[in-house]
Amino acid sequence: MIKVLVVDPHPLFRLGLETLFKSISDIQVSGSLRSGIEIFEFIRRHPVDVIILEVDLPELNGITTLRAIKKEHRSTNMLMLSNQPEEIYAVSTIKAGASGYLNKTSSGEDVIAAVRKIFSGGTFLSPEMSKQLTFNDSKMSTSRIFKRLSTREVEVLKLLSIGKKNKEISQELDINEKTVSTYKSRLFRKLNVNNLVDLVHQAKHQGIT
């Protein structure tokens, strides 16, 4: 039996996944949580094979949660399920330790297949994303530039895009404020902008908000 923990801020979405898995004989929902902070205590008390995690979580964002869980529980498998752009967040979350990424528009069959594959030690991405990652295209499109961002750079960019200040970002990501400034400078350089307004505009254009 594959024990699954669902973590998403939206009660109806959590209920939808619970209903989906009820009809599957080899998958059982062990718990349903609304925030990343709640996960740590839960997995200390209950066995979990796969955590289905939203990128946009209250209090502690999904990528930061992912990093922290993998640091403390390396064997825990994580499937990111979100509306955030797959072409940007799939790469970042896999780098951070996730075993799969799916958009919330995916079918129930895809989610079930992803949980099974991740549980067996594999990595799951949509067919479209897999093709993009294996296709050797030399064109420097905007989406390819975004793929070159590190996981931490994507985290900082996302927080800047929602109006967070350097000090707030340093506290949320548990890094030095000077380090935040360094990431910010790298983002300016990599995305070829020279001010925060243009940086945020680029992020919004790519759906990182």
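Couple of notes before you dig in:
- In this rough spin-label picture, where each label sits 7 Å from Cα along the Cβ direction, the E128-I175 distance is 2.9 nm.
- With a threshold of 21 Å on the Cα-Cα distance, the over-threshold entries among K3/K70; K95/K158; K22/K70; K3/K117; K104/K158; K70/K95 are K22/K70.
- Taken per residue, the accessible surface of the chain reaches 51 Å², heavy atoms only and a 1.4 Å probe.
- Look at the dipole of the stretch 1-94 built from charges on Cβ: of L12, S82, L60, the Cα furthest out on the positive end belongs to L60.
- Considering the stretch 1-90, its Cα convex hull presents a mean projected area of 5.7 nm².
- Axis angle, to the nearest 10 degrees, between helix 151-161 and the longest C-alpha principal axis of the chain: 70 degrees.
- Dipole magnitude of the chain, debye to nearest 20 (Cβ charges: Lys/Arg +1, Asp/Glu -1, about Cα centre): 700
- Note on Cα extents along the principal axes in Å: of the candidates (i) 54, 38, 29; (ii) 47, 38, 35; (iii) 59, 50, 31, the value calculated from this structure sits at (i).
- Acute angle (nearest 10 degrees) that the helix 108-119 long axis makes with the longest principal axis of the chain, alpha-carbon atoms: 90
- Accessible surface of the chain, 1.4 Å probe, proportion on carbon and sulfur as whole %: 50
The values are calculated or read from the model by the stated rules, or taken from the named source; none is laboratory data. Quantities reported herein were computed from a predicted structural model and do not represent experimental measurements. Ideal geometry is used to build each Cβ from the backbone, glycine not excepted, and the neighbour counts take in all protein chains shown. Just the protein is used for accessible areas: all its heavy atoms, side chains included, with ligands, DNA and RNA removed. Shrake-Rupley method; radii C 1.70, N 1.55, O 1.52, S 1.80 Å.
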